[in-house]
Every structure is written in structure tokens, then in C-alpha cells.
Amino acid sequence: MKKWLIMAMATLAVTGCSSAPEGVNTFLLPAGKTVTVSHANNQPLLIVRPVEVAAHLSGNGLVYQTSATEIVEAQQNLWGEALAKQLTRRITHDLRQKQHRLWATQLTPTLSTAGAPRLQVRINQFNGVYTGVANVAGEWMIIGASGDLQTVHPFEFSVPLAEDGYSAQVEALSTAVGELTTQIANAVK
């Protein structure tokens, strides 16, 4: 009898540890609109370097600005994947869709990047705000094949939330990322 009780308790303990706590929501940035595109042999590359996010954005929780000077990181509303990885993937995807002069691709160790310009995006704000908007701000730059800085563009997008809540915040942040990638695509056309 004791053995059976111990096994039952152990099974319950393991089951309890493997499930997410109640009330935890996990989010991913929605993908941009997709049209099938493929790389043409003569199409030059644009290397999309990993997006850099400010330290206060590198945690697991979504960030919300509660006043002019205070921010909080959500404990129950979490990113399903590191924000920097999601942004790098989304920017690469969107640039393939929105311009066709350069083939946007993520930096990988096996890819020869000699002679290819690089895009670096830095994000300083990526959060909801108590005023009912989502803010995305930072800068992006194109670095030439020889390492020379070709252009730097600060950006700031503010998108109204359709309703209260973190789902609406994620949708508004996604819209702002779409505006950012349109800005970059128009500059590199």
C-alpha cells in the first residue's frame, strides 16, 4: 500500500512540474503577409544580423510602461521565444516580401558574407504604454561590404491598441514591426 501511495504522489508531482502554471499566456509575433519568393542566382544578399534588444526587453515577459518613468515585465504574459530571435526572423521574412533588389537572409556560419551589405537593427523600446499604444523605437543601419557605415535611421512607431490586454499589445507591436520593415525595404530598393 505504501509503495502504491508513493508512486501515485511521485506521478502527481512530475505531472504538476511539467504543466504551465494557470493563467500563463505565451505569445509569438504574428508572421507578416506571405507571398512565395525565392532567391535568384544574380540577386545580391543583404545579411540581416541578429537584432539587438535593450537589456530591459531581453527577459521572457512582455514589457509594459505604467507611467512616464516606470516599466514592468509581465510574469504571466510571456514570449514563447526570445524576442531578438523573433524580430530577426520577422525582419528577414518581411524584407523578402517587400523588396526584391536584395535577398534578405539571416547571418549563419556557413554563409559566405564577403561582399554583402549587412543590416543591423537595435530596439530600445518594444512595449505597451499606459496611454493605450504600443511603442517600437530604435535605429537601423546598413553596413557596406567593406565595413563602412552607409546609412543610419532612427525610428519610432506608435500604434494604438485595438482593445485592452496583452493580445492587443502583441498585435500592435507586430503592426509597428511591419511599419519598420516597410521603411527599411523602401530605403534599400
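Structure data summary
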read-out	value
Single residue of the stretch 161-189 satisfying the filter (touching a helix residue (DSSP H, G or I) at 6+ places or on another chain (Cβ under 7 Å) and of a type in the set (Ser, Thr, Tyr)) that is nearest to ASN77 (Cα to Cα)	THR181
Residue match in the stretch 77-94 (condition: within 21 Å of VAL152 (Cα to Cα) and of a type in the set (Phe, Trp, Tyr))	no
Output for the stretch 80-101, where each listed residue is among the hydrophobic types (A, V, I, L, M, F, W, C) and either open to solvent by less than 40 Å² (accessible area, probe 1.4 Å) or at pLDDT below 95 (or both)	LEU83, ALA84, LEU87, ILE91, LEU95
Subset of the stretch 62-73 (residues that are over 17 Å from VAL136 (Cβ atoms) and either outside any loop (DSSP other than H, G, I, E, B) or open to solvent by less than 40 Å² (accessible area, probe 1.4 Å) (or both))	SER67, VAL72
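The values are calculated or read from the model by the stated rules, or taken from the named source; none is laboratory data. All of these numbers come straight from a predicted model, not from anything done at the bench. Reconstructed Cβ throughout: ideal geometry from the backbone, glycine too, with neighbour counts over all protein chains shown. To get the accessible areas, we keep the full protein, side chains included, count just its heavy atoms, and leave off ligands, DNA and RNA. Shrake-Rupley method; radii C 1.70, N 1.55, O 1.52, S 1.80 Å.
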